[in-house]
Every structure is written in structure tokens, then in C-alpha cells.
Amino acid sequence: MLRILILIAAVWVIYRLFFHKRKTVEPDNKGEKRLSAVRCSFCGIYVDKNDAINDKDLFFCSRDHYLNYKDKKSK
Ligand SMILES: [Zn+2]
């Protein structure tokens with residue numbers, strides 16, 4: 001009987017640890033998304049990722065800088 005109780009307690013602890021970990025990861029990811037700032041590849045200013053113009057792994061503060069950067073690169 002005691003062995004069964006220990007087994008149940010062990011399973012519960014493992015389950016709780018796993019469940020707790022998964023629960024704490026989610027808000028962290030959301031916070032990162034909300035607060036992440038990216039650097040404009042043209043002028044170097046930091047802008048919110050949601051407002052930035054994204055081209056592959058490059059970010060730009062405005063459409064003008066995105067076009068300027070592309071124009072500069074093609075020359
Ligand atoms: Zn810029």
C-alpha cells in the first residue's frame with residue numbers, strides 16, 4: 001500500500017513540475033513578442049518589431065529606409 005502511495009506522489013510531482021514549466025514558458029514568449037525591439041538596418045534606430053518592416057532577417061523603421069537599403073545594396 002505504501003509503495004502505491006509513493007508511486008502516486010512521485011507521478012504527481014513529476015506531472016506538476018512538467019505542467020508548471022509549460023505554464024511559465026507561455027507568458028515569457030508573449031512578453032518577448034510585446035517588448036521586442038529591432039534595429040533598422042539602414043539608420044540603426046530601434047523600433048518595435050510589430051511596427052518594423054521585415055525583409056528576411058533584416059528590419060527597417062520605415063518603408064523609405066527599406067527602399068533606400070535595397071537601392072544601396074543593388075548598386
Ligand atoms: Zn531607419
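Every number here is computed from the coordinates shown, using simple stated rules; none is lab data. These figures come from a predicted structure and were not determined experimentally.
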For the range 9-18, what does the Karplus curve 6.51 cos²θ - 1.76 cosθ + 1.60, with θ = phi - 60°, yield as ³J(HN,Hα) per residue in whole Hz, taken in order and with x for Gly and Pro? 4, 5, 4, 5, 5, 4, 4, 5, 4, 5
Residues with amide H under 5 Å of Ser62's amide H, sequence separation 5 or more or different chain, H placed in the peptide plane at 1.01 Å from N; which? Ile53
Could you give the length gained by full extension between Ala9 and Lys75, i.e. 0.36 nm per residue of separation minus their alpha carbon distance, to one decimal place? 17.0 nm
So what J values fall out for the range 48-55 if you push phi through Karplus, 6.51 cos²θ - 1.76 cosθ + 1.60 with θ = phi - 60°, rounded to Hz, Gly and Pro as x? 5, 4, 5, 8, 6, 8, 10, 10
